[in-house]
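Comments concern the structure below.
The values are calculated or read from the model by the stated rules, or taken from the named source; none is laboratory data. This structure is a prediction, so every number in the text was calculated from the model and none was measured. Every residue, glycine as well, gets a Cβ built from its backbone with ideal geometry; the counts of neighbours run over all protein chains shown. The accessibility values were calculated without ligands, DNA or RNA, using every heavy atom of the protein model including side chains. Shrake-Rupley method; radii C 1.70, N 1.55, O 1.52, S 1.80 Å.
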Amino acid sequence: MAQDIWVLGAHMTAFGRYPDQDAVDLATTAALGALDDGGVTISDMDILSCGTLFQANSGMGQQVQKQIGQTGIPVYNVSNACATGATALRTVIMAIRAGEADLGLAIGVEQMGKMGLLAGGARKEKNVYEPSGRYGAVMGIDGILGTDTMPGVFAQAGMEYANDNDGVGFEQFAKVAQKNHAHSTLNPLAQYQKEFTLEEVMGSPMQSYPNTLLMCCPTGDGAAACVLVGEERFASLSREQQSRAVKISASVLTTDPYVESGQMQPDVNTLTRNAAQAAYEQAGVSPEDLSLVELHDCFATAELIHYDNLGLCERGGAGDFIDRGAPWRDGETPVNVSGGLISKGHPIGATGVANVYEVATHLRGEAGDRQVEGANLGLAHVIGLGSSCGVHILEKSGIS
Amino acid sequence: MQIPLVDYLVLDNGPYLQANECEGCGARFFGRRNACAKCGGREFNSVRVSDTGTLRTFSIVYRAAPTIPTPYVSAIVQTDDGTSVRSNLINVAPDPGKITLGMKVKLDTYVVGTDDDGQEAVAFGYAPA
């Protein structure tokens with residue numbers, strides 16, 4: 001990294017349903033919270049990046065400025081599927097590295113309401129069949145030539161791992177969701193805070209085998225924001241600001257390289273492996289050094305395969321990793337102590353910033369009941385289908 | 001009269017699946033191509049894909065858009081000549097106890113709909129071999 005970059009302030013709204021607020025309200029709450037937390041104001045910001053997916057063409061960053069301060073700084077509105085929040089963070093990081101900014105604000109926000117199932121098209125029965133589109137299809141192919149639905153696509157990613165590795169099946173995937181629901185009971189910011197038995201997880205309505213309802217993330221609303229600062233400006237901050245700041249030891253964004261099966265089934269593995277490897281090299285750390293990990297558990301099947309992709313377990317050993325309780329908050333490498341996307345929620349644009357907020361909060365020792373004791377190094381991972389993967393590694397400041 | 005659901009399903013002298021194979025590196029793609037995602041090559045040949053293969057992964061889908069009948073079995077098949085194909089697994093109960101990863105499968109076709117002119121749309125799937 002050209003220069004060290006620090007998270008100076010961070011804030012997130014509780015995730016959930018906000019019928020009486022709009023996305024601008026949510027983003028503003030997160031932005032003002034992060035500025036206050038960092039002891040700075042909008043006038044100190046040199047750049048603003050705002051990530052949202054479903055309102056990507058709304059000029060969300062400028063709408064936020066019109067609520068909190070129109071200072072004329074450049075705004076970058078970004079969208080990158082479920083990696084949108086991580087992309088907003090990286091936009092500010094790149095601006096600071098490039099020397100164009102000392103301080104910047106990254107916001108992620110989404111208001112989804114009860115959107116229900118994402119992707120997977122309704123089938124329109126044409127009166128007269130005519131080939132159209134890149135595949136010359138005469139009707140919608142979802143449900144005929146396999147599935148486009150998210151629970152199904154990620155189910156297949158998990159079952160492919162089960163095909164290649166022993167000791168992985170429905171029960172291992174269900175244990176992931178059991179853990180994350182249990183973790184969420186300690187997080188007041190989580191959309192759901194209810195514990196379930198393994199039997200309840202496995203017995204809830206099947207969405208896409210092996211993902212039951214309790215193994216799928218909900219839709220929801222929420223926002224998160226971070227104020228970032230480069231090392232030159234960092235040096236002039238107060239001791240209190242410096243001691244609460246969290247160092248960004250690695251920031252990586254990758255896309256999916258070509259693999260043979262990629263045109264049929266999104267490959268969520270290779271780009272995650274590449275991002276993780278690059279991030280560990282940037283930070284000069286190993287997976288076993290991590291105090292906690294927030295990873296992209298959009299579905300229970302996804303979390304399990306990312307244990308392997310992020311190197312948290314031995315190659316092929318993700319089934320044993322969950323069976324022996326390693327990713328529980330008192331285990332070898334606590335994973336998703338926030339409750340994860342499955343229970344904390346997944347307002348898409350907010351997720352990649354909220355994960356960084358969660359890790360930073362633990363490194364500051366301010367995570368309350370869910371605090372991972374002695375946390376000094378954490379990793380935040382998101383993946384957006386299409387695909388993009390963001391990995392950030394954060395480090396406790398060490399300044400007291 | 002029949003029409004294939006997608007243009008890479010060939011009914012005449014078939015049925016079989018037809019891929020665009022990169023002249024440079026041999027990577028195979030279904031559907032219209034601009035260039036090769038593996039090597040950037042721009043020349044392609046049409047090739048016939050093997051009708052048989054193995055089940056690489058699957059999901060039994062219960063939740064879908066309202067017009068789509070459920071449950072159905074979504075699958076990724078690896079054909080015997082190494083090409084990945086996505087389709088439904090057909091002629092098998094939507095029951096995890098009846099579906100085995102790695103099982104042998106074979107291409108099959110069926111009529112999936114009829115339009116106002118009486119034209120039948122033909123889809124493909126893979127059935128246990």
Residues of the range B:72-129 classified as in a strand (DSSP E or B), at the interface with chain A (Cβ under 9 Å from one of its Cβ atoms) and among the charged types (D, E, K, R), total: 2
Filtering the range A:122-156 down to residues that are surrounded by fewer than 16 Cβ atoms within 10 Å (Cβ to Cβ) and of a type in the set (Gly, Ala, Ser), which residue is nearest to B:Ser59 (Cα to Cα)? A:Ala122
Of those in the range A:126-156 that are of a type outside the set (Phe, Trp, Tyr) and part of a helix (DSSP H, G or I), the residue farthest from A:Leu341 (Cα to Cα) is A:Gln156
Do we find a residue being of a type in the set (Gly, Ala, Ser), closer than 23 Å to A:Glu358 by Cα and away from chain B (no Cβ under 14 Å) anywhere in the range A:71-78? no
When you scan the range A:9-43, how many residues do you find that are open to solvent by 50 Å² or more (accessible area, probe 1.4 Å), touching a strand residue (DSSP E or B) at 6+ places or on another chain (Cβ under 9 Å), assigned to a helix (DSSP H, G or I) and over 16 Å from A:Gly349 (Cβ atoms)? 2
Looking at this structure, is A:Leu228 open to solvent by less than 20 Å² (accessible area, probe 1.4 Å) and either in a strand (DSSP E or B) or at negative phi (or both)? yes
Could you tell me whether any residue of the range B:42-54 is over 20 Å from B:Ile76 (Cβ atoms) and part of a loop (DSSP other than H, G, I, E, B)? yes
Per-region count, the range B:42-69, residues in contact with a Gly (Cβ under 8 Å, 6 or more places away or on another chain), farther than 17 Å from A:Gln265 by Cα and surrounded by 14 or more Cβ atoms within 10 Å (Cβ to Cβ): 3
For the range A:158-174, state whether one or more residues are in a helix (DSSP H, G or I), without any contact (Cβ under 8 Å) to a residue 40 or more places away in the chain and in contact with a Phe, Trp or Tyr (Cβ under 8 Å, 6 or more places away or on another chain). no
Over 30 Å from A:Asp36 (Cα atoms) and assigned by TED's automatic domain parsing to the domain that holds A:Phe154, is that true of A:Glu314? yes
Residue list for the range A:208-225, filter: open to solvent by 10 Å² or more (accessible area, probe 1.4 Å) and either touching a residue at least 40 places away in the same chain (Cβ under 8 Å) or in contact with a helix residue (DSSP H, G or I) (Cβ under 8 Å, 6 or more places away or on another chain) (or both): A:Tyr209, A:Leu214, A:Cys216, A:Cys217, A:Pro218, A:Thr219
With respect to the numbered conditions (1) touching a Ser or Thr at 6+ places or on another chain (Cβ under 9 Å); (2) crowded, with 23+ Cβ neighbours inside 10 Å, which one is the sole condition not fulfilled by A:Tyr280? (2)
Here's a check for you: in the range B:14-33, which residue that is within 18 Å of B:Thr52 (Cβ to Cβ) and not in a strand (DSSP E or B) is least open to solvent (accessible area, probe 1.4 Å)? B:Phe30
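Listed here are the residues, each with its yes/no results for (1) modelled with pLDDT of 95 or more; (2) closer than 23 Å to A:Thr254 by Cα.
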{"site": "A:Arg90", "(1), (2)": "yes, yes"}
{"site": "A:Gly104", "(1), (2)": "yes, yes"}
{"site": "A:Gly108", "(1), (2)": "yes, yes"}
{"site": "A:Met115", "(1), (2)": "no, no"}
{"site": "A:Lys124", "(1), (2)": "no, no"}
{"site": "A:Asn127", "(1), (2)": "no, no"}
{"site": "A:Ile144", "(1), (2)": "yes, no"}
{"site": "A:Ala162", "(1), (2)": "yes, no"}
{"site": "A:Ala177", "(1), (2)": "yes, no"}
I need the full set of residues from the range A:310-333 which are under 18 Å from the mean Cα position of the chain (by Cα) and buried (at least 24 other Cβ atoms within 10 Å of the Cβ), in order please. A:Leu310, A:Pro327
Which of the residues that make up the range A:56-78 are open to solvent by less than 60 Å² (accessible area, probe 1.4 Å) and in a loop (DSSP other than H, G, I, E, B)? A:Ala56, A:Ser58, A:Gly59, A:Gly69, A:Ile73
Quick check on my filter: what residues within the range B:71-99 are crowded, with 16+ Cβ neighbours inside 10 Å and farther than 17 Å from A:Met159 by Cβ? B:Thr79, B:Thr83, B:Ile90
